[in-house]
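Worksheet for the structure shown next.
The values are calculated or read from the model by the stated rules, or taken from the named source; none is laboratory data. No experiment lies behind these values; they were computed from the predicted model shown. Note that each Cβ is placed from the backbone with ideal geometry, even for glycine, and that neighbours are counted across all protein chains shown. The accessibility values were calculated without ligands, DNA or RNA, using every heavy atom of the protein model including side chains. Shrake-Rupley method; radii C 1.70, N 1.55, O 1.52, S 1.80 Å.
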Amino acid sequence: MCGRFALTAPPEAVRAYFRFLEQPNFPPRYNIAPTQPIALVAARRDGRHFMLARWGFLPGFVKDVKKFPLLINARAETLAEKPSFRAALRRRRCLIPADAWYEWRANLSGPKTPFLFRRADGGLLAFAGLWETYLDPSGGEIDTVCVITTSANGATAAIHDRMPAILAPEDFDAWLNPDETVAPRLALLRPAPDDAIAFHAISPRINRAGEEGAELQAAV
């Protein structure tokens with residue numbers, strides 16, 4: 001799964017990479033955790049748009065949010081089969097800007113070891129995602145989102161068996177295309193090339209959602 005990630009690039013760089021119409025200003029975030037608001041990019045008729053949504057997907061059929069599990073990830077292999085994601089897969093695909101994510105390696109003894117993963121060239125990442133506007137019983141609306149994951153590539157599998165589905169810029173339009181044909185979109189969800197991702201162990205401070213700052217990404 002992908003349970004933490006970071007977006008620390010300047011807003012201008014994020015806008016240039018994703019080519020959305022808005023000009024938002026936002027601070028660097030080194031420890032983005034579930035239930036927090038995260039950035040996403042969605043397509044409309046007039047182009048790509050920047051949005052904020054709660055990280056924790058809520059399908060429209062949910063009656064009691066407190067009893068529904070927190071869906072921060074969706075497995076690419078079963079997206080088309082799961083009732084929770086079917087409608088969003090057809091109509092509400094999105095990109096989630098990031099420049100790093102974190103996973104934990106299980107050890108034979110002791111606590112898990114956290115690792116930072118990023119592009120080998122240090123550039124931005126575009127996670128494939130799904131979003132949904134949830135209407136609660138009182139009539140309130142909340143935009144929600146999840147990160148799509150796929151199997152790990154040959155390099156990262158040593159740390160964790162899953163990784164975010166990362167899209168290249170040349171695939172953005174195909175993923176965001178409002179066409180409801182699912183098969184061509186699913187074909188884009190595959191592990192990153194083995195040499196595309198670099199990673200290193202980091203401090204267990206990342207385990208605490210309230211921690212922030214560039215020092216969280218320092219190698220240990």
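For the range 113-129, a residue qualifies if it is surrounded by fewer than 19 Cβ atoms within 10 Å (Cβ to Cβ), of a type outside the set (Ser, Thr, Tyr) and in a strand (DSSP E or B), and exactly one does: ARG119.
Tallying residues that are closer than 12 Å to LEU176 by Cα and in a loop (DSSP other than H, G, I, E, B) within the range 82-96 yields 1.
Any residue at all in the range 65-76 that is under 30 Å from ALA155 (Cβ atoms), at pLDDT below 95 and not basic (Lys, Arg)? Yes, the range 65-76 has at least one match.
Inspection of the range 179-202 finds no residue satisfying the criterion of being in contact with a Lys or Arg (Cβ under 8 Å, 6 or more places away or on another chain) and of a type in the set (Ser, Thr, Tyr). Among the residues here, GLY110 does not qualify as surrounded by fewer than 16 Cβ atoms within 10 Å (Cβ to Cβ) and at pLDDT 95 or above. Go through the range 195-212 and report how many residues are over 20 Å from LEU124 (Cβ atoms) and not aliphatic (A, V, I, L, M). The number of residues fulfilling the criteria is 7. For residues that are open to solvent by 30 Å² or more (accessible area, probe 1.4 Å), at pLDDT 95 or above and among the aliphatic types (A, V, I, L, M), tally how many sit in the range 197-218. Going through the range 197-218 one residue at a time, the tally reaches 3. Residues of the range 169-193 that are part of a loop (DSSP other than H, G, I, E, B), in contact (Cβ under 8 Å) with a residue 12 or more places away in the chain and either under 21 Å from ARG75 (Cβ atoms) or open to solvent by less than 30 Å² (accessible area, probe 1.4 Å) (or both): GLU180, VAL182, LEU188, LEU189, ARG190, PRO191, ALA192, PRO193. Restricting attention to the range 161-208, the residues that are under 16 Å from LYS112 (Cα atoms) and of a type in the set (Gly, Ala, Ser) add up to 2.
Note on the range 23-77: among residues that are part of a helix (DSSP H, G or I) and touching a strand residue (DSSP E or B) at 6+ places or on another chain (Cβ under 9 Å), the one that is surrounded by the fewest Cβ atoms within 10 Å (Cβ to Cβ) is GLU77.
Answer yes or no: is there a residue in the range 130-152 that is under 30 Å from LYS66 (Cα atoms), in contact with a Ser or Thr (Cβ under 8 Å, 6 or more places away or on another chain), open to solvent by 60 Å² or more (accessible area, probe 1.4 Å) and part of a strand (DSSP E or B). Looking for residues that are under 30 Å from LYS66 (Cα atoms), in contact with a Ser or Thr (Cβ under 8 Å, 6 or more places away or on another chain), open to solvent by 60 Å² or more (accessible area, probe 1.4 Å) and part of a strand (DSSP E or B), one finds at least one in the range 130-152, hence yes.
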